[in-house]
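Below is one structure; the comments refer to it alone.
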Amino acid sequence: MKLSPLLFGFAMFVTVAQAQSLSETEIKNLLARIAERRASAPDVRADFQEQKTMHLMAKPIVSSGKIWFHAPNKFRREISGNSPSVTVSNGRDLWIHYPNFKSAEHYTLGKRSPVDAAITAINTALNLENVESTFRITGTKIDLPSPGSGAAGNGYALQLLPRSPSMKRMFQKFDLRLNSDLVAERTEMTQPNGDQIVTTYSNQSRAATPAATFEFTPPAGTAISAPLGR
């Protein structure tokens, strides 16, 4: 099954300068720091710009909007512009709402469906929780501007390669860049068919997000479909 590109949108710009390879121990220490940061501040919100390059289309698809994420598995992603959409997951249900068409797709998570696999893979890649069991990780230390200033700070460029056959069907590789606050600034996902999704994030914040952000109630008059059944 080919999933909607909207499901792969989650998560980020920068030019690499003076890259320094990380040892296996340094990667483990970095993941431990990320886990500590996530435990103390589980919310992240940001603006994003995304470019999808698909082999069946002559030109890339460019979109922008806002995203909210609450570890480990809640998110809201709003795309603005001429073709707006809202993708919301509370960890149990996933909704994709298309306001212009007054339609919405509903997916129930936790049924071992392709949507579950995709969401789990992306959450793992962006959240980096238990990531070593799912991906092989290599990385480098890079100089990036510190958040909120022009000064250089320590960032990281990580490459995640899937371990299992199920993951390899969705990802060829997943490249992730983190700033000095250990927040993703850029992701580049390459799928097995060569399609690529590059997302850059700005104005990141770890401010707390209201729980209602991750719930969705279809507006009156919305046509609701369940592509994978109830």
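Side notes on the structure shown:
- Subset of segment 169-224 that is among the acidic types (Asp, Glu) and in contact with a helix residue (DSSP H, G or I) (Cβ under 9 Å, 6 or more places away or on another chain) - its residue that is nearest to TYR107 (Cα to Cα): ASP195
- Qualifying residue in segment 171-179 (condition: outside any strand (DSSP E or B) and modelled with pLDDT under 85): yes
- Residue that is farthest from VAL183 (Cα to Cα), among those in segment 194-224 that are part of a loop (DSSP other than H, G, I, E, B) and among the β-branched types (Val, Ile, Thr): THR222
- Enumeration of residues in segment 140-153 that are of a type outside the set (D, E, K, R), touching a Leu at 6+ places or on another chain (Cβ under 8 Å) and either modelled with pLDDT of 75 or more or part of a loop (DSSP other than H, G, I, E, B) (or both): THR140
- Flag if GLY194 is closer than 26 Å to ARG45 by Cβ and either modelled with pLDDT of 90 or more or open to solvent by 30 Å² or more (accessible area, probe 1.4 Å) (or both): no
- Of all residues making up segment 87-109, the number that are open to solvent by 10 Å² or more (accessible area, probe 1.4 Å) and of a type in the set (A, V, I, L, M, F, W, C): 3
- Number of the exception - ASN29 against (1) closer than 24 Å to LEU160 by Cα; (2) at pLDDT 95 or above; (3) under 18 Å from the mean Cα position of the chain (by Cα): (3)
- Of the criteria (1) modelled with pLDDT of 95 or more; (2) in a strand (DSSP E or B); (3) over 18 Å from SER205 (Cβ atoms), which one THR87 fails: (1)
- Qualifying residue in segment 110-117 (condition: surrounded by 19 or more Cβ atoms within 10 Å (Cβ to Cβ) and either assigned to a helix (DSSP H, G or I) or touching a helix residue (DSSP H, G or I) at 6+ places or on another chain (Cβ under 9 Å) (or both)): yes
- When LYS74 is tested against (1) out of contact with any Ser or Thr (no Cβ under 7 Å at 6 or more places or on another chain); (2) at pLDDT below 95, just one condition goes unmet, and that condition is (1).
- Residue within segment 121-139 that is of a type in the set (Gly, Ala, Ser), modelled with pLDDT under 95, open to solvent by 30 Å² or more (accessible area, probe 1.4 Å) and farther than 22 Å from LYS66 by Cβ present: yes
The values are calculated or read from the model by the stated rules, or taken from the named source; none is laboratory data. Remember, it's a predicted structure, so these values are computed and weren't measured experimentally. Note that we place each Cβ from the backbone using ideal geometry, even for glycine, and neighbour counts take in every protein chain shown. The protein model used for the area step is the full one, side chains on, heavy atoms only, and it has no ligands, DNA or RNA in it. Shrake-Rupley method; radii C 1.70, N 1.55, O 1.52, S 1.80 Å.
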